[in-house]
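To start, the structure itself, in C-alpha cells.
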Amino acid sequence: MKGRVLRSTGSWYNVQLEDGRLIECRIKGKFRLEENKVTNPIAVGDWVTISQEEGLETAVISAIDKRQNYIVRKSPKNQYKRHIIAANIDQAVLIVTFSKPRTSLGFIDRFLVITEMYHIPAVIVFNKQDVYKKKDHEKFAEAVAIYEPLGYPCLQVSAITGHNMEAFQEMMLGKTSLVSGHSGVGKSTLLNTMRPDLQLATGKISAKFNKGRHTTTFAEMHELAKDTYIIDTPGIKEFGIMDLELPEVGHYFSEFRAMLNDCQFNNCLHKDEPDCAIKYAFVEDQIAESRYMSYLSVLEEIQ
Ligand code: GDP
Ligand code: ZN
C-alpha cells in the first residue's frame, strides 16, 4: 500500500493511505539512510510503501519514494548532520502584511533565498487588504513590479472581507504548501477559511510550548482539502542561509543568475570588484534597489 507521512513522533509515523485512512507505522530493522549525513530516514511529506502487520492495526514502512525536494536544518545533536524537516513541497507561500506586523522587503528577500536554495516555487500573499491605506496600495504595486517579473506571483487578499479568497484557495488546492510569515499576519485566519478547525503552530511556537522540547525540529502536515496539504513548521529563517559560502549567495537571487557569468571574476561578490555585471545592472536599474540592498545585507550577515 502507498501512503504519505503526515507527522512523526519519534519512532512512529502517522501515514495517510490513498483512501484517506490514517495508520500508525514504524520502520522495521535498520532502514537504509540514502545519505548518511541525514539523521532521519523518513520525513513529513514522504511518500512511502507500507504493509500492514498481521493481526495488528499498525503497519511497517518498507520503502520510500524519491523526493521531489526537501528542506533540512542542522541536527540539534550533531552539527555535521542534517535533519529533514519536510519533503515533496510544491510551493512556499509567504504571507506578509504592511503593518501590524510590518513585513520588510528584506525579510521577503531572505525567504526567497531559502526557497531558491531548496528549489521550491514561491508565492507572496499580501493579507489585510481591507486596512490598506493609500501608501500601502502603492507599496503593493511596487512589490508586484519587483517580484512578479522574477517569477514570484503576488496576491492581495483579505481574510476578513473575503477579498480574493477564491484566488487564494485555488492557489492552495491540490498542492502541498509550506506556509510562512511573521506571527500575526493572518496565517491561521486565512487557512481557517478552508478548514475552520485547523490549529496551527506556525510562527506561534510560544515559549510556553517550546520549553524543554525540541518542538522546532518537527514539522507537521495538515490536510486542508482533498490532495491539499500545508506543512506547518515554526519559521524557516534558520534553514541554512548561514551555511552559504559568500560567492554562492548571488545564485539565489534569481535575477542575478543569468548575469553571473559576465562578471570579471567568477568568485565575484558583486560588491567592490571591478567589471561586475550585477553592479552594472543595478546602476542601470535592471535590478531593484531593495533587492541589491537585501543581497548586501545577506552577505554581511554571513560574514
Ligand atoms: P497568524 O499568527 O499569522 O496565524 O495570524 P492570525 O490568523 O492569528 O491573525 C492575527 C490577527 O490578524 C487576528 O486578530 C486576525 O483577526 C487578524 N487578521 C487576519 N486576517 C486579517 C485581514 O485580512 N484583515 C484584518 N484587518 N485583520 C486580519
Ligand atoms: Zn559581480
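Tabulated values for the structure
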{"item": "Matching option when the condition is surrounded by 17 or more Cβ atoms within 10 Å (Cβ to Cβ) and either more than 21 Å from Tyr118 (Cβ to Cβ) or more than 20 Å from the chain's Cα centre (by Cα) (or both), among Ile61, Ile89", "result": "Ile61"}
{"item": "Criterion: within 20 Å of Arg257 (Cβ to Cβ) and touching a helix residue (DSSP H, G or I) at 6+ places or on another chain (Cβ under 8 Å) - qualifying residue of Gly151, Gly181", "result": "Gly151"}
{"item": "Residue match in region 222-237 (condition: within 25 Å of Ser75 (Cβ to Cβ), more than 16 Å from ligand 1 (Cβ to nearest atom), modelled with pLDDT under 95 and part of a loop (DSSP other than H, G, I, E, B))", "result": "no"}
{"item": "Residue under evaluation Ser51, criteria (1) in contact (Cβ under 8 Å) with a residue 40 or more places away in the chain; (2) crowded, with 20+ Cβ neighbours inside 10 Å; (3) in contact with a strand residue (DSSP E or B) (Cβ under 6 Å, 6 or more places away or on another chain), criterion not met", "result": "(2)"}
{"item": "Leading residue by the ranking (nearest to Arg110 (Cα to Cα)) among those in region 244-303 that are aromatic (Phe, Trp, Tyr) and not in a helix (DSSP H, G or I)", "result": "Phe253"}
{"item": "Answer residue from region 121-138, given it is among the charged types (D, E, K, R) and within 16 Å of ligand 1 (Cβ to nearest atom) and is surrounded by the most Cβ atoms within 10 Å (Cβ to Cβ) among those", "result": "Lys128"}
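Here is a yes/no grid of residues against (1) buried (at least 17 other Cβ atoms within 10 Å of the Cβ); (2) within 16 Å of ligand 2 (Cβ to nearest atom); (3) under 20 Å from the mean Cα position of the chain (by Cα); (4) assigned to a helix (DSSP H, G or I):
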position: Val113; (1), (2), (3), (4): yes, no, yes, yes
position: Ala141; (1), (2), (3), (4): no, no, no, yes
position: Ser158; (1), (2), (3), (4): yes, no, no, no
position: Gly162; (1), (2), (3), (4): no, no, no, no
position: Met171; (1), (2), (3), (4): yes, no, yes, yes
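The values are calculated or read from the model by the stated rules, or taken from the named source; none is laboratory data. All values derive from a computational prediction rather than experimental measurement. As a convention, Cβ positions derive from the backbone with ideal geometry for all residues, glycine included, and neighbour counts pool all protein chains shown.
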